[in-house]
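Read through the structure below, which is laid out as structure tokens, and then see the notes.
The values are calculated or read from the model by the stated rules, or taken from the named source; none is laboratory data. Keep in mind that what you see is a predicted model, and the values were worked out from it rather than measured. Neighbour counts are summed over all protein chains in view; Cβ atoms, including those assigned to glycine, are modelled from backbone coordinates with ideal geometry.
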Amino acid sequence: MPYTEVNPYNGKTIREFPNTTNSQLNEFLNQATIFYQKAQVQPVKEREILLERLADEFENHMEKYAQILTVNMGKLIGEARSEVKKNITFAHYYAENGSQLLKPQSSEILPNGNAQIEFSGTGIVLAIEPWNFPYTQVMRVFAPNFILGNPVVLKHASIVPGAAQAFQNACDNAGLPKGAFSNVFINYDQVNSIIADSRVQGIALTGSENAGKRIAATAGSYLKKTTLELGGTDIFAVLDDADIDRATTDAATARLSNAGQVCTSAKRYLVSDDIYDQFLLALKKKFSTYQVGDPLDEKTTLAPLSSKKAKVSLLEQVRMAISGGASLLYGDLESNETQGNEFSPLILTGMTPNNPMYDEELFGPVAQIYRVKSDNEIVTKANRSRHGLGGAIYTSDIERGKRLASRIATGQVAINHILSSQAGVPFGGIKDSGYGRELGHWGIYEFANIKAIIY
Ligand code: NAP
């Protein structure tokens, strides 16, 4: 089946990309191996310069790269520009810090000895990526591994071949060496054959739990290391002392940006009893200002979902949540049953642990709201989840926020901010949200050989 680029807003097919054949795939792996061997003896500085050139390529053609995101994946043009900017900051971070991060470290061994710790590449990394942030998800894996000297082979989500090809074109335009980055249009059998290949040493997957389980199982059978960045059911807690205006504005943005298709979207609002009514009223007002429409139109504030399949699945999940006992506090399910992929915001209440959707990720503009009576109840509700990705807390008492954040079982928690990834800060989850970390120095060591030379 060819990879087809479809505009999620109007359903029109833009282009078809033929599948990569097995012999082409083998040639890509050969080129990647040549890059790997050369990179092991090349000064890191040279790759830092090349990575800066890749950042410049995105910077100099920002509008072109942003439009490709909007047309292929459906995100708002403003959100697409922000994604290109973030992509650039990720590249800059590793270009500016690469040499320092890979500098050998010395460590004293008592009573009388020393160890030198060196960092080097291990081989090809296969990046399997989702469609929701088609550039930044790739850059998070590519930039640190390029600095390390690990080539990256990308298997992108089949609905964003236009964005995948654009990333390849950006690497080629920036003059990156052949084999450093190879986008391939492959099927699942070919993914498995890459995992089995001895030239490949790591697999970085971002996606659903189902994909995580399958890829990790295959990788495990070949003793290949994986990192898994999976889904979440993040909380957005609003404490009794929060700035309600700020919390409401951020609550809406944190649930509705990227049409709600973000792993760390605010999926469960936990709101203090004292301010619950006030918050809910303000939130409904905010939600009502969002306008679905053409994502290329600067006036549109809520993007369509990424595909028909995504819309059908979200509608089904909402119906199951309601038949499982939840009720709709805001929005109209029927008006969402229209032809296109637009989806107007909904707020659900009354979700209980026995609801079949209680612990499922609703990947779209559907919020859940809970009334809470204490900080302890926030911790209990937050942690009564098989996910452990992120979360946010709004309070005017930062120390109280930090104490609460420490008790929430996730990989990251933001206080008085919308949670979003930052170049120098580790990003990842625990429990069913996956394992391993991207970004910061943690991201560059995931597929490194951390070697001790003891003398
Ligand atoms: P998905 O269906 O799991 O797809 C992700 C990637 O895995 C795609 O490239 C997909 O290829 C591939 N894939 C799926 N099953 C596979 C298999 N059996 N063998 C080989 N490749 C396979 O997920 P999605 O719907 O694109 O993405 C949404 C999910 O990603 C959400 O759960 C979201 O929370 C999560 N996510 C997590 C993070 C994070 O950092 N934690 C960030 C963004 C998104 P095809 O497209 O060809 O099926």
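Okay, here's what the table says:
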| quantity | calculated |
| --- | --- |
| Verdict on L69 being hydrophobic (A, V, I, L, M, F, W, C), more than 16 Å from the ligand (Cβ to nearest atom) and assigned to a helix (DSSP H, G or I) | no |
| Residues of the stretch 239-293 satisfying the condition of being outside any helix (DSSP H, G or I), free of Cβ contacts under 8 Å to residues at least 40 places away in the same chain and more than 16 Å from P365 (Cβ to Cβ) | D240 |
| Top-ranked residue in the stretch 1-53 [being within 16 Å of the ligand (Cβ to nearest atom) and either farther than 30 Å from P144 by Cβ or charged (D, E, K, R) (or both); ranked as modelled with the lowest pLDDT] | M1 |
| Helices (runs of 4 or more DSSP H) completely within the stretch 346-455 that count 1 or more residues being of a type outside the set (A, V, I, L, M, F, W, C) and at positive phi | 440-445 |
| Candidate set: the stretch 343-360, residues that are in contact (Cβ under 8 Å) with a residue 60 or more places away in the chain and surrounded by 22 or more Cβ atoms within 10 Å (Cβ to Cβ); chosen: the one nearest to S265 (Cα to Cα) | P345 |
| The stretch 197-227, residues that are of a type in the set (S, T, N, Q) and within 14 Å of the ligand (Cβ to nearest atom) | T206, S208, N210, T218, S221, T226, T227 |
| Residue under evaluation K267, criteria (1) surrounded by fewer than 22 Cβ atoms within 10 Å (Cβ to Cβ); (2) within 16 Å of the ligand (Cβ to nearest atom), criterion not met | (1) |
| Considering residues of the stretch 185-224 that are touching a Gly at 6+ places or on another chain (Cβ under 8 Å) and surrounded by fewer than 16 Cβ atoms within 10 Å (Cβ to Cβ) only, the residue farthest from L25 (Cα to Cα) | S208 |
| In the stretch 228-249, residue nearest to the ligand (Cβ to nearest atom) [restricted to those that are touching a Ser or Thr at 6+ places or on another chain (Cβ under 8 Å) and among the acidic types (D, E)] | E229 |
| Candidate set from the stretch 303-316 (those that are within 14 Å of P345 (Cα to Cα) and either out of contact with any helix residue (DSSP H, G or I) (no Cβ under 6 Å at 6 or more places or on another chain) or modelled with pLDDT under 95 (or both)); member that is surrounded by the most Cβ atoms within 10 Å (Cβ to Cβ) | P304 |
| The stretch 219-238, residues that are in a helix (DSSP H, G or I) and touching a strand residue (DSSP E or B) at 6+ places or on another chain (Cβ under 7 Å) | A219 |
| Of all residues making up the stretch 150-174, the number that are part of a loop (DSSP other than H, G, I, E, B) and buried (at least 24 other Cβ atoms within 10 Å of the Cβ) | 4 |
| Meets criteria (part of a helix (DSSP H, G or I) and buried (at least 18 other Cβ atoms within 10 Å of the Cβ)) for Y93 | yes |
| Hits in the stretch 96-142 (condition: of a type in the set (G, A, S) and part of a loop (DSSP other than H, G, I, E, B)) | G121, G123 |
| Yes/no for T338 being at pLDDT below 95, in a loop (DSSP other than H, G, I, E, B) and at negative phi | yes |
| Number of the condition not met by G123 [criteria: (1) at positive phi; (2) in contact (Cβ under 8 Å) with a residue 24 or more places away in the chain; (3) surrounded by fewer than 17 Cβ atoms within 10 Å (Cβ to Cβ)] | (3) |
| Boolean, G212 is assigned by TED's automatic domain parsing to the domain that holds A32, out of contact with any Pro (no Cβ under 7 Å at 6 or more places or on another chain) and farther than 24 Å from L362 by Cβ | no |
| Filter result (hydrophobic (A, V, I, L, M, F, W, C), surrounded by fewer than 19 Cβ atoms within 10 Å (Cβ to Cβ) and more than 26 Å from the chain's Cα centre (by Cα)) within the stretch 2-43 | I34, V41 |
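Quick grid of which residues meet (1) over 19 Å from F142 (Cα atoms); (2) of a type in the set (A, V, I, L, M):
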{"residue": "N173", "(1), (2)": "no, no"}
{"residue": "P177", "(1), (2)": "no, no"}
{"residue": "A180", "(1), (2)": "no, yes"}
{"residue": "N187", "(1), (2)": "yes, no"}
{"residue": "N192", "(1), (2)": "yes, no"}
{"residue": "A196", "(1), (2)": "yes, yes"}
{"residue": "R199", "(1), (2)": "no, no"}
{"residue": "A219", "(1), (2)": "yes, yes"}
{"residue": "Y222", "(1), (2)": "yes, no"}
